[in-house]
Amino acid sequence: MNYWTVIPAAGQGKRMNAGISKQWIELLGEPVLKHTLDVFEKDPACSGIVLVGSERELKQMQDFVQTFQYTKVRQIVPGGSERQQSVYEGLKKVPEDAELVLIHDAARPFITHYHISQLVENAAETGSAVLAVPVKDTVKRAVQNQVVETIDRSSLWAVQTPQAFRLSIVKEAHEKAAAEQYLGTDDASLVERIGHTVAIVMGDYHNIKLTTSDDLLFGQAILLDRQGEKA
C-alpha cells in the first residue's frame, strides 16, 4: 500500500552541541538528512514527502533537495516552535486523497524498508500503528533522587518513528490538540487522546534517534556494519 511521509526537521539539536542543526551533521561523509531521505526516496511505496524545516533553513533545504534530486519531496514548509506544531504544518500539505501518512524524525536515519512495510501493513488494517521495541533496562520511578518504585518492564515499550496513521485520524487528533492547546509526547499520544487504539509493530534496536554526540558513534557503527553486509 502506498503512503505519504511527513519528516519534521526543524529542531535545533541543542543536546548535540555541534553548532549546527543535527540533520546537517555528517555520518560517514553524508548529512544525517540525506541518510534519512534516501530511505523514503528509494521506497516504491512512498508516494511523496513533506519536509518541515525551520524558517531560517528553508533555502538550505531547498538547495539540498535540488542538489540530490529528491523527486519525492513535494513540499518544504516552515515548522513551528514545537515538533507537534511542525508535524501539523506538514500534515496540512499531504493530499486529501492520501490514505496513509507516516511521520518520521529526520534524526532517525536507520529505519529500514522492511520495518516500514510491516508498519504500513498494520496501519492499513488498524488505522494507527507505531514501531517500538521492548524496554531492556530496569526502570525505576524516583522522587527527589530517591527510588519510590521499580516498574514492571514486561509491558513497557520504547516507541520509535515512523508512526503510521490514516490521514483522517491523525489530522483530527492534531486539530483537536491545536484547538485545546494540548501538547502531547508524540503523535500517537494525540491519536490515543481522541479514543483510537494504536497498535505496536516490533521495531529494531538499531533504529535510534540521534540526540547526543554519543549517538553519532553508535550511528557510524550501524552504517559501517550495514556497508559490510552489502560488501
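Across region 211-224, which residue is nearest to the chain's Cα centre (by Cα) among those that are within 14 Å of residue 109 (Cβ to Cβ) and not hydrophobic (A, V, I, L, M, F, W, C)?
211
Condition first: assigned to a loop (DSSP other than H, G, I, E, B), open to solvent by less than 60 Å² (accessible area, probe 1.4 Å) and of a type in the set (D, E, K, R). Can you find one or more residues in region 86-107 that meet it?
yes
Please enumerate the residues belonging to region 193-231 that are farther than 22 Å from residue 124 by Cβ and of a type in the set (Asp, Glu).
Of everything in region 193-231, those that are farther than 22 Å from residue 124 by Cβ and of a type in the set (Asp, Glu) turn out to be 214, 215, 225, 229.
Of the residues 57, 82, which is among the acidic types (Asp, Glu) and open to solvent by 30 Å² or more (accessible area, probe 1.4 Å)?
Step by step, each of 57, 82 is checked, and only 82 is among the acidic types (Asp, Glu) and open to solvent by 30 Å² or more (accessible area, probe 1.4 Å).
Pull up region 1-34, narrow it to residues that are charged (D, E, K, R) and at pLDDT below 95, then point me to the one that is nearest to the chain's Cα centre (by Cα).
Among those residues, the one meeting the criterion is 22.
Quick one: how many residues across region 41-52 are buried (at least 23 other Cβ atoms within 10 Å of the Cβ) and either at pLDDT below 95 or over 24 Å from residue 82 (Cα atoms) (or both)?
Here the count works out to 0.
Checking residue 94 against (1) closer than 30 Å to residue 214 by Cα; (2) among the β-branched types (Val, Ile, Thr); (3) touching a residue at least 60 places away in the same chain (Cβ under 8 Å): exactly one of these is not met. Which one?
In the conditions (1) closer than 30 Å to residue 214 by Cα; (2) among the β-branched types (Val, Ile, Thr); (3) touching a residue at least 60 places away in the same chain (Cβ under 8 Å), residue 94 misses (1) alone.
Step by step: first the residues of region 29-59, then only those that are in a loop (DSSP other than H, G, I, E, B) and of a type in the set (Gly, Ala, Ser), then the one that is farthest from residue 99 (Cα to Cα). Which residue is that?
Residue satisfying both the conditions and the ranking: 29.
Just checking, how many residues over region 35-56 are acidic (Asp, Glu) and more than 19 Å from the chain's Cα centre (by Cα)?
Going through region 35-56 one residue at a time, the tally reaches 1.
Would region 160-178 turn up any residue that is farther than 16 Å from residue 87 by Cβ and out of contact with any helix residue (DSSP H, G or I) (no Cβ under 7 Å at 6 or more places or on another chain)?
Checking region 160-178: not a single residue is farther than 16 Å from residue 87 by Cβ and out of contact with any helix residue (DSSP H, G or I) (no Cβ under 7 Å at 6 or more places or on another chain).
Quick one: how many residues across region 60-77 are open to solvent by 50 Å² or more (accessible area, probe 1.4 Å) and either in a strand (DSSP E or B) or in contact with a Lys or Arg (Cβ under 8 Å, 6 or more places away or on another chain) (or both)?
3
Looking only at residues that are β-branched (Val, Ile, Thr) and touching a helix residue (DSSP H, G or I) at 6+ places or on another chain (Cβ under 8 Å) in region 204-228, which one is surrounded by the fewest Cβ atoms within 10 Å (Cβ to Cβ)?
Per the stated criteria, the residue is 212.
Regarding residue 30, is this residue in contact with a strand residue (DSSP E or B) (Cβ under 7 Å, 6 or more places away or on another chain) and either open to solvent by 30 Å² or more (accessible area, probe 1.4 Å) or among the hydrophobic types (A, V, I, L, M, F, W, C) (or both)?
In short, no.
The values are calculated or read from the model by the stated rules, or taken from the named source; none is laboratory data. Just so you know, these numbers come straight off a predicted model, no measurement behind them. Positions of Cβ are generated from backbone atoms using ideal geometry, with glycine treated the same way; all protein chains shown enter the neighbour counts. These area figures cover heavy atoms from the full protein model, side chains too; ligands, DNA and RNA do not enter into them. Shrake-Rupley method; radii C 1.70, N 1.55, O 1.52, S 1.80 Å.
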